[in-house]
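What follows is calculated from the coordinates using simple rules that are stated; it is not laboratory data. Given the structure is predicted, the values throughout are model-derived calculations rather than measurements. Cβ placement follows ideal geometry from the backbone for every residue including glycine, while neighbour counts extend to all protein chains displayed.
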C-alpha cells in the first residue's frame, strides 16, 4: 500500500515546503518522497508517490486538496448531460511530471528494488468526480449508475482510456508493476459491481502493456472478491476484513494475493504486531505468490519504528519458512 505519508517526519518536512498538488507536480520532490520509505524501512519495492485524481484535472472539475479535508471537486459531474460535455483526457499533456518522477526514481534505485506504479480504478475515480469528494453513501454515484446508465458508461469509458494511458506511460518510464486502487468499490452490491464496474475494469486491465504484473485492490470487498478476480489482475489485494487463507481460496491459488494486516495494528506494541504478522504468514501457508502488506495505507499516527519493525519481522519469519 502507500508507503509515503504523514507518519514520516521527512515527508512532513517536505509538506511544509510544498502543498500536496505542488509536491505531486514536482518530479524531483515526488521522486524524493517515493524513495524515503525505501531508504528508511528496507521494503522490497518502491511505490510511486502521486495521486489518483491527477488525471481528472483536464476535465475542468476544479480539483483542490483542501487542508485537513483531502481532495475536493468543486464542479462535480452528476448528470448524463454534464458527462456529455466532457472531452477525452490528454494524459501526456496532463501528467508529464509523473512520468518524469518515475524515470528519476528508477535511476536513483539503480535496480536495488523494483518500482510499482499506480492509478485509481475507474469506479473510484468516477465516484470522486460525481460526489465532489469522499462520501459515506455514494448516493450521487449510484443515482447516475441506476438512472442514467448511458451517462455512467460514457464517464467510465473516458476514465478507462485515460487510466490505461496513464499506467502505460508509467510502465514505459520504468515501472515494473502497477497497482489499480478501487478503494471505494466495496460500497456496491455484487450485482451492481458486475453490471456497472466489472466490464470497465476488465477493459482497463486488457489495455495495459502485456507482461507487466497488475495488482488489483479494493477495500470492503469480501463479497466482491470472486468478481474482482474475474475482472482481472495478477495479484488480488485483500483488506483486513477477510481472513487471508479464506480469501485466497475464494479467488483461487492460481492467482497471487497481497495483504492484509490491519493498519491499526501498527499502533500497538511490537509483541502484538509480531503475533499478527505470524498469523498472516501462517494463513499464507508458505505458498508462492503472497505479498505481505497492510490492508490499506499506513495511518498518520503510526510510529516509524513500528513500520520498520514490521518489515524486519516479515523478512525474518519469511526467511525461516
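Brief remarks on what is shown
- FRET E, pair residue 57, residue 321, Förster distance 41 Å, beta-carbon r, rounded to 0.05: 0.35
- Folded to 0 to 90 degrees: helix 96-109 orientation relative to the chain principal axis, Cα: 10 degrees
- Option label - Cα extents along the principal axes in Å computed here, alternatives (1) 58, 44, 37; (2) 63, 61, 36; (3) 48, 44, 38: (1)
- Prolate/oblate/rounded label for region 153-266 (Cα gyration tensor, a/c 1.5): oblate
- Alpha-carbon centroid distance for the pair region 165-181 / region 14-35, whole angstrom: 19 Å
- Footprinting exposure proxy ranking of 253, 140, fewest other C-beta atoms within 10 angstrom first, gives 253, 140.
- Computed label-point distance, nm, for sites residue 278 and residue 2 using a 7 Å Cα→Cβ extension: 3.3 nm
- With the simple model of a label 7 Å out from the Cα in the direction of the Cβ, residue 65 to residue 143 spans 3.0 nm.
- Cβ-based exposure ranking for 176, 32, in which fewest neighbours within 10 Å come first: 176, 32
- Once both labels are positioned 7 Å from their Cα atoms along Cα-to-Cβ, the gap between residue 135 and residue 246 label points is 3.0 nm.
- The residues 276, 206, 15, when put in order of fewest to most other Cβ atoms within 10 Å, stand as 206, 15, 276.
- Choice from 148, 16, 100 with maximal GNM fluctuation in the chain (Cα, 10 Å cutoff): 16
- Stretched out straight at 0.36 nm per residue, the stretch from residue 254 to residue 81 would grow longer than its current Cα-Cα span by 57.9 nm.
- Bridge type composition, the chain - antiparallel percent by DSSP, nearest 5: 15 percent
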